[in-house]
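All of the numbers you see were taken from the coordinates with simple rules; none came from a lab. These numbers were taken from a predicted model, which means no experiment stands behind them. As a convention, Cβ positions derive from the backbone with ideal geometry for all residues, glycine included, and neighbour counts pool all protein chains shown.
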Amino acid sequence: MTERSRKIEEILRRREIDFLLHFSRDCNADSIEELGIFPVTELEKRNIDYQKNDYKRLDGRKNCISLSIYNINYLFLRTLCHEQKWKYQYFIYYINPKILLEGNRSFFCYENAAKSEFKNASDEYLSQPERLNDFFIGDNTNKPFSPQAEILFEGNIPPKYICEWKVFNHENNYQYVL
């Protein structure tokens, strides 16, 4: 295990982070169950049929998967659902956080990754384990201070790291705001 992975593992342990979250449209569920979660660039390269969550992807990192800690980015997800008039359901995937130790790069953004301070920051800076600690205020919390804090994971998430999933729709959307 690399020094970086050891530092991330320590943060996950100390903060008691038991899962990461990702959401996707329900029509993507079969391929996610079979193949795992892929960033847009990999989906297109492999010619996998999928429906995008985010057509704008303002962070510019189509080679990354957006992950949340503790809560999904409910501000963005609710906006999507309202724009689509609740036409679609979304699945919320619970991901084993050990995926962050597998050697792929992760970029830690304590706010929305599309903000200029993250778009203008170097990959080296954003991938430092210390940036993961920036998500939190104080030592005794595992809840990021911003609902839009996100980890941009560069790589694929194999099915073995997907622990469970739940449906997010107009009837149960508030249960995901913990």
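Step through the residues of the stretch 26-34 one at a time and calculate ³J(HN,Hα) from phi using the Karplus curve (6.51 cos²θ - 1.76 cosθ + 1.60, θ = phi - 60°), rounding each to whole Hz and writing x for Gly and Pro.
Result, rounded to whole Hz: 4, 5, 8, 4, 4, 5, 5, 4, 7.
Which ³J(HN,Hα) values in Hz, rounded to whole numbers, follow from the phi angles of the stretch 97-108 under the Karplus curve 6.51 cos²θ - 1.76 cosθ + 1.60, where θ = phi - 60° and Gly and Pro get x?
Residue by residue, the stretch 97-108 yields x, 5, 4, 6, 9, 7, x, 6, 6, 10, 10, 9 Hz.
Of GLU42, GLU150, how do they rank once you tally other Cβ atoms within 10 Å and put the fewest first? Working shown, then result.
Details: GLU42 17, GLU150 30.
With the fewest neighbours first, GLU42, GLU150 line up as GLU42, GLU150.
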